[in-house]
Amino acid sequence: MLLPILRLKTPRNSRHPWIFRKMVQPRRGAGLEPGSLVEVRDRSGAFVGRAFYHPENTIALRLLTENPAEEIDPGFFLRRLALARDLRQATLDLPRLGDSWRLAHAEADALPGMMIDKYADTLLIQPFAAGWLHVMDWLIAALAELFPDCRPAIRADARAAEKEGVSFADLERKYPPPSRADISENGIKYRVDFGAGHKTGFFLDQRDNRARAAGLARGRDVLDLCSYSGGFALSAWKGGARAVEAVDLDEAALAAAAENLRLNRTGGKIRLTHADAFEVCRQHRAAGRRHDLVILDPPKLAGSLEETEKALKTYYDLNLAALGVAAPGGFFITCSCSGAVPEERWRQQVRRAAAAAGLGLTIFHAGGPGADHPVASDFPQGRYLKALFARVDGRQAG
């Protein structure tokens, strides 16, 4: 395929898959629409790669390949998805861990601006870049060849589509997701609501952390703050917790959690509380209640760099509240899914909160997403999920 050529203002000195607009020479002649496939060359005319191009966004180019012999055609996407599938089959304990996992994790799988999650027999596609409008049929054909028993479906992110200046509505109508899917993970059943759930409907990235939490829960009194659809709460129950309280302010999330409790026949071992996490912590602290295992997994608090400082303050406040009801000698699990928040700055807020609570934390595990959410060496910002597992050490009474 003969592609339009774009030139850079400078030599190519990085292998980062994004090239910013300020580095691209203005193009003479007819304009290109958002997401156009282009060939990229440097100032000297040397081949750089083939990419999706956006003429207006700060990220002007998302590189698909830097191999001059590799054309962007149906075979390209078949090869990329086969590599992604093979990595999951080699690194995940399939099918024992369950029937649902992330197949494509954007830049880490050399499919920039694209997430694909496998939920049982549904392949849920979430495009974040305009370029996927132009090649979606090729991607769908590749998925059909690799996963003939699965149904492809598209659920676009509205915020990303607005930022890209495009609409994925026609593709969503052509490949609509089912209303829900019943999946399994580590012996637990979940019902995923594709219409109302966050992200692609379920937080597959927390699978390993949920399993580790289950291993700490036996015989313990567990408080799960910001519980969403009950993943950590159910994992604690499966691990043999004495009692579990799951707290969330989102009524729809709690309704989903209640459905998951029914699916798993938890027998009253999990109590669902519709309330603000801060208020629950204040009430428990006033009543002198302490929990042997406290889990804090708030939603994304920073969607951009501009929101980072506000998010860091909220992380401090949330961790301080949660540690206020943690029993000395017990365990504390705290998470952040805000990719815009640097990991060390987030950890600093956790340390500050522990000190303000009069507690020490012995951190014995620093977690992240599972192997189905890999990180490319040239794209470290692909690592967004952070989790700390710690023993709570009392320093003073109170």
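We did not get these values from a lab; they are worked out from the coordinates using the rules stated. What you see is a predicted model; the values in this text were computed from it and never measured. Note that each Cβ is placed from the backbone with ideal geometry, even for glycine, and that neighbours are counted across all protein chains shown.
In table form, for the structure just shown:
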read-out	value
Hits in region 341-398 - residues which are under 30 Å from Ala90 (Cβ atoms) and either assigned to a helix (DSSP H, G or I) or of a type in the set (Gly, Ala, Ser) (or both)	Glu343, Ala366, Gly367, Gly368, Gly370, Ala371, Ala376, Ser377, Pro380, Gln381, Gly382, Ala387
Whichever residue in region 346-384 is of a type in the set (Ser, Thr, Tyr) and over 24 Å from Glu307 (Cα atoms) and, among such residues, is surrounded by the most Cβ atoms within 10 Å (Cβ to Cβ)	Thr362
Residue ID - farthest from the chain's Cα centre (by Cα), chosen from residues in region 11-30 that are farther than 20 Å from Glu107 by Cβ and surrounded by 12 or more Cβ atoms within 10 Å (Cβ to Cβ)	Arg27
Candidate set from region 331-340 (those that are within 21 Å of Ala217 (Cα to Cα) and in contact with a Gly (Cβ under 9 Å, 6 or more places away or on another chain)); member that is surrounded by the most Cβ atoms within 10 Å (Cβ to Cβ)	Ile333
Subset of region 186-210 that is buried (at least 22 other Cβ atoms within 10 Å of the Cβ) and outside any helix (DSSP H, G or I) - its residue that is nearest to the chain's Cα centre (by Cα)	Phe203
Qualifying residues in region 10-54 (those that are free of Cβ contacts under 8 Å to residues at least 24 places away in the same chain and assigned to a strand (DSSP E or B)) - the one nearest to Val135 (Cα to Cα)	Gly49
